[in-house]
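Here is the structure we will look at.
Throughout, read-outs are computed from the coordinates displayed, never taken from laboratory work. Nothing here was measured: the structure is a model prediction, and the numbers come from that model. So basically every Cβ, Gly included, is an ideal-geometry build from the backbone, and we count neighbours across all protein chains shown.
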Amino acid sequence: MGKTQDNLQEAFAGESQANRKYLAFAKKALDEGFAQVAKLFMAAAEAETVHAHNHLRAMDGVKETIANLQAAIAGETYEFTSMYPAMLDTAAKEGQTEAKISFRFANEVEKIHAALYKKALDNLGKNETTDYYVCQVCGNTVEGSAPDECEICGATKDKFKKVD
């Protein structure tokens, strides 16, 4: 891989992280009553998404849907089999309780994501529709309707957000 490909990967990661960070900053600004600052953070986050998508396309990282689903399954599987277990172990050894909880939530949800992507791949072209709901506490992603209680973190039904 050439230096440009390395640079594209680094830029994609940086822009992606900036997007998520700015959205978190926007939420905090709204919580503190700073609507205009929140709007600026959301605008910048949108711009960072444009940059990230441009970099990903330049890396030839967006393929046909079948290949994209296969890549998503592989990525999610790596996260729950290798990445997060190691991070959980380190957080436990270092006594980092909040990080351990965050890693545990993500690890459990990545298993669900891999299964949902596999199901989508298996059913590709059948034009089946379903709703998805995401727990705003742990990220649990469920099909159909929000459960009364999150199976991962115990959050109540009102903590689930429907994805439109």
- Message: Between Ala86, Ala52, Ala72, Ala44, which is small (Gly, Ala, Ser), in contact with a Phe, Trp or Tyr (Cβ under 7 Å, 6 or more places away or on another chain), within 28 Å of Leu8 (Cα to Cα) and without any contact (Cβ under 8 Å) to a residue 40 or more places away in the chain?
- Response: Ala44
- Task: Under 8 Å between Cβ atoms, at least 6 apart or on separate chains: pull out the pairs that start in region 112-128 with a residue that is more than 12 Å from Ala72 (Cβ to Cβ) and end on any residue that is surrounded by 14 or more Cβ atoms within 10 Å (Cβ to Cβ).
- Result: Ile112/Asn140; Ile112/Thr141; Ile112/Val142; Leu124/Leu69
- Look through region 138-152, keep the residues that are without any contact (Cβ under 8 Å) to a residue 24 or more places away in the chain and assigned to a loop (DSSP other than H, G, I, E, B), and return whichever of them is farthest from Lys111 (Cα to Cα). Asp148
- Considering only residues that are buried (at least 17 other Cβ atoms within 10 Å of the Cβ) and among the small types (Gly, Ala, Ser), look in region 45-90 and name the one that is nearest to the chain's Cα centre (by Cα). Ala72
